[in-house]
Amino acid sequence: MRVPDKVAVVTGGAGSIGKAITTELSASGATVWVIDVYEEGSGTIVEELHRRGRRAGSIVADVSSSDRAESAIQEVLSTEGR
């Protein structure tokens, strides 16, 4: 699957399954945003992707809060423009 020029958001991206999804989406050409409550884990994944020349970002948020989930998505939209 190729997804160039797409922006993907992975919630829970610092966990093992989330990391696998994030890595696969990035390898397929997507810009990936990791949203997780664990800043260190999501930051580590994003750093790995940056070292590979991939576009990625992270947001620390608990998406079980609808207000915080909406805020995180708005941050991605304002940064990526879509």
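For a quick check: with amide H placed at 1.01 Å from N, whose amide H comes under 5 Å from Ala56's, ignoring anything fewer than 5 positions away on the same chain?
Val32
Would you mind telling me which residue in Gly29, Gly53, Gly15 has the biggest mean-square fluctuation in a Gaussian network model of the chain, where springs connect alpha carbons within a distance under 10 angstrom?
Gly53
Residue-wise, which Karplus ³J(HN,Hα) couplings in Hz belong to the range 18-32, taking 6.51 cos²θ - 1.76 cosθ + 1.60, θ = phi - 60°, and x for glycine or proline?
Along the range 18-32, the couplings run x, 5, 5, 5, 4, 5, 5, 4, 5, 4, 8, x, 7, 7, 10 Hz.
If the only charges are +1 at each Lys and Arg Cβ and -1 at each Asp and Glu Cβ, what is the size of the charge dipole of the range 7-77 around the Cα centre, to the nearest 20 debye?
Details: 6 positive and 10 negative charges, 77 e Å.
Once rounded to the nearest 20, the dipole reads 380 debye.
Give the long-range amide H neighbours of Val3: residues separated by 5 or more places, or on another chain, with amide H under 5 Å away, using H modelled in the peptide plane at 1.01 Å from N.
So Val3 has HN proximity to Gly29, Ala30.
Relative contact order of the chain: what whole-number percent is it, with Cα pairs under 8 angstrom and at least 6 residues apart?
On the way: 128 pairs, mean separation 21.4, N = 82.
Answer for the chain is 26 percent.
May I ask you to evaluate 6.51 cos²θ - 1.76 cosθ + 1.60, the Karplus curve with θ = phi - 60°, for each residue of the range 52-58 and list the ³J(HN,Hα) values in order in whole Hz, giving x for glycine and proline?
So the Karplus estimates, Gly and Pro as x, are 8, x, 9, 8, 7, x, 9 Hz.
Under the rule of -39500 (n - 2.57) per DSSP H run of 4 or more residues, summed and divided by the residues of the chain, what mean residue ellipticity at 222 nm is obtained, to the nearest 500 deg cm²/dmol?
Numbers: 3 runs with 40 residues, N = 82.
Mean residue ellipticity, 222 nm, calculated: -15500 deg cm²/dmol.
For the chain, what is the accessible area per residue in Å², given a 1.4 Å probe and the full set of protein chains? Mind showing how you got there, number by number?
Numbers: 4900 Å² over 82 residues.
Computed with neighbouring chains in place, this is 60 Å² per residue.
Taking H as built 1.01 Å from N, whose amide H comes closer than 5 Å to the amide H of Val9, not counting residues under 5 places away?
The list, which skips near neighbours in sequence, is Trp33.
The values are calculated or read from the model by the stated rules, or taken from the named source; none is laboratory data. Everything numeric here is computed off the predicted structure, so don't read it as measured data. Using ideal geometry, Cβ is built from the backbone for each residue, glycine included, and neighbour counts are taken over all protein chains shown. Accessible surface is based on the protein model in full, side chains and every heavy atom, while ligands, DNA and RNA are left aside. Shrake-Rupley method; radii C 1.70, N 1.55, O 1.52, S 1.80 Å.
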